[in-house]
Amino acid sequence: MTTTSFTQVLPRVLFVNRHAAMGVLGDSFVASTKFEILKAFESPLLLPEFLADQSHPVSAIIAPVAVPVTADLIRLLPNLRLVVTTSTGVDHVDLVECRRRGISVANAGSSYSEDVADTAVGLLIDVFRRISAANRFVKQRLWPLKGDYPLGSKLGRKRIGVVGLGSIGSMVATRLEAFGCQISYSSRNRKPSVPYHYYMDVQEMASNSDALVICCELNDKTFHLINRDVFAALGKQGVIVNVARGGIVDEDEMVRCLREGEIGGAGLDVFEDEPNVPKELFELDNVVLSPHCAYTSLEGLEQLGKVLVGNIEAFFSNKPLLTPVL
Amino acid sequence: MESIGVLMMCPMNSYLENELEKRFNLLRFWTSPEKSVLLETHRNSIRAVVGNAFVGADAQLINDLPKLEIVSSFSVGLDKIDLGVCKDKGIHVTNTPDVLTEDVADLAIGLILALLRRLCECDRYVRSGKWKQGDFKLTTKFSGKSVGIIGLGRIGTAIAKRAEAFSCPINYYSRTVKPDVAYKYYPTVVDLAKNSDILVVACPLSDETRHIVNRQVMDALGPKGVLINIGRGPHVDEQELVKALTEGRLGGAALDVFEKEPHVPEELFGLENVVLLPHVGSGTVETRNAMADLVVGNLEAHFSGKSLLTPVV
């Protein structure tokens, strides 16, 4: 019996930008024998020319937040069948257009939910206990000159309002419970199995909270959800931590409140126009800033790579996606 | 009680000072240019000393105060008080346990996160404008990492409880095994360091625990391991620590305490894998007020012939 070997044409997966993880993990970040990676960033050609130049069509795209999957981009990829994002959020993907064209979408699932939750807690402790500011104080050699550092605020028994109780929000809640915090949450729907107090209205939750931790997705309903009224309800001692999306917070209003002492402090990993950060925040010691890296631990990104590969392999073997959105 | 002389050793808290002044004749040791004159002048009226983590009551001071009846420390640590001499002379000693446990444990976790996720460096990165040039590098995950705690007393236990919420396996070293504890015991600090990603110092300072974190322990912790010190500076061989960090033999350190506060080794200032705090373990308004209430409460109890609130056993 003779066996015939086939030169199988592997599905082609487009990688537009070089992902941070590739710098450390290299090609092993998303490596598989079941599909081929096409690295647009290695070509000097602009994307439309690059794609026109390809002999085999692209059937899947890896879409980090920096590569919005718009109707225009989809038009350049007539054979596109799958979008896989490297984030949990899919606000940068035109889901309507994907649905219209029958394109499946998968996200990062909870690959790095723990990392984001860890950072949220880290930022909260940092703001209340002034860790980054005090570290600056010591490293600027001020301790022998100025003596004791101003006191912070105790975390225990603080009332924390979690906005969005998905995988990240729930992890933030269970971590903060161990510090003796009282947790309440606001979400699209009440979750009957959780022990925390539910608020339908974020403003009402803010008026009963010492801090808000933003963990929800960005969509039409949550754009500028945290606005002037919510800040006023949060109050002068109140703290906000945002590890979700900059657009959920009215940034100009937040900056004004911080500068005028209308709220007590902020820990921010995301901003409305990254990487631009309002420079008024740089003058404030009660603000901790982070360059959208709550999710970028080495371990989290290794896990992300596994989920990306898992989704793509499953899709092209006609198996269910691991972390489907559409 | 206004005639009772209470000697406060250094500025520590203005609420405490006010409360002491209302009740006693408060003498501020640090304001006197000639300390020996102060002691000589008031030696027969000083019946209490209030110290803290920086300055306490050593043998010399105790011997200079013949009417001393009680030393009330604005701290839980007692390493600055000569307990032997106090015991010999029947001088009571009180401290501030429990009220600061949570704050210190909170700070320990805050330091782990600040160090592993480079929160302080990230903040610096954004403020310097570097984000516009590129993303920050990858950091190290905390959840799931093994935490080794030296000393499983009140503070060590509180740290363990918090780390468990991050799915961290907990290891510990203690003088003896704790029977009802689900964490893994290691009989030596070196073994603990070898088997932990994060080593936390949470034991009292004594002759036995001085330099308990030495070169051997640091080498066992290794280039991927990190050290967190919320105990006392002398727990760690500071010179060896500086070498281990500058030579890359230790992955990182977050320190709230130092051997000669407020002096911090110069070599540490430029390291991005080091977080340095000015001894703020119990440094919140709420906790310092609670500590002050304990100091005042203990003194009031003593001078009214009632039971002390938090005597040191």
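Each reported figure results from applying straightforward, stated rules to the coordinates on display, with no laboratory input. Bear in mind the structure is a predicted one, so any value in this text is a computation, not a measurement. Here the Cβ positions follow ideal geometry from the backbone for every residue, glycine too, while neighbour counts run over all protein chains shown.
A few comments on the model shown:
- Highest mobility in the GNM of chain A, judged by mean-square fluctuation with C-alpha springs under 10 Å and restricted to A:TYR185, A:TYR295, A:TYR196, is found for A:TYR196.
- Each Lys and Arg Cβ is given +1 and each Asp and Glu Cβ -1; about its Cα centre, segment A:270-326 then shows a dipole of about 480 debye.
- Degrees between helix B:154-164 axis and first principal axis of chain B (Cα, 0 to 90, nearest 10): 30
- Estimated dipole of the protein assembly as shown in Debye, rounded to 20 [Cβ of Lys and Arg +1, of Asp and Glu -1, Cα centre]: 940
- Counting lysine pairs in segment B:121-277 that sit 8 or more residues apart in sequence, or on different chains, and whose Cα atoms lie under 24 Å apart gives 23.
- Candidate lysines for bridging to A:LYS236, where Cα separation is under 20 Å - those fewer than 8 sequence places away on the same chain excluded: A:LYS154, A:LYS158
- Counted charge near B:CYS120, where neighbours are those whose Cβ lies closer than 10 Å (Asp, Glu -1; Lys, Arg +1): +1
- 0 to 90° range, to nearest 10: angle between helix B:101-116 axis and chain B longest Cα axis: 30
- Dipole of chain B, positive end: most advanced residue of B:PRO311, B:GLY151, B:PHE136 [Cβ charges, Cα centre]: B:PHE136
- DSSP assigns beta bridges within the protein assembly as shown; of those with both partners inside it, close to 5 percent run antiparallel.
- Each Lys and Arg adds +1 at its Cβ and each Asp and Glu adds -1 at its Cβ; summed about the Cα centre, chain A shows a dipole of about 720 debye.
- The GNM of chain A, with springs linking C-alpha atoms under 10 angstrom apart, assigns the highest mean-square fluctuation among A:MET200, A:MET171, A:MET254 to A:MET200.
- Volume in Å³ per residue [convex hull over Cα atoms, computed for the protein assembly as shown]: 199
- Distant-in-sequence amide contacts of A:GLY152, defined by a placed amide H-H separation under 5 Å and a gap of 5 or more residues or a different chain, comprise B:THR284, B:VAL285.
- For segment A:163-232, with +1 on Lys and Arg beta carbons and -1 on Asp and Glu, the positive-most of A:ASN189, A:GLN203, A:LEU218 along the dipole: A:ASN189
- Choice from B:GLU40, B:GLU261, B:GLU286 showing the highest fluctuation, given a GNM over chain B with Cα pairs closer than 10 Å: B:GLU40
- Counting Cβ atoms of other protein chains within 10 Å of each Cβ in A:175-183 and taking the mean gives 4.
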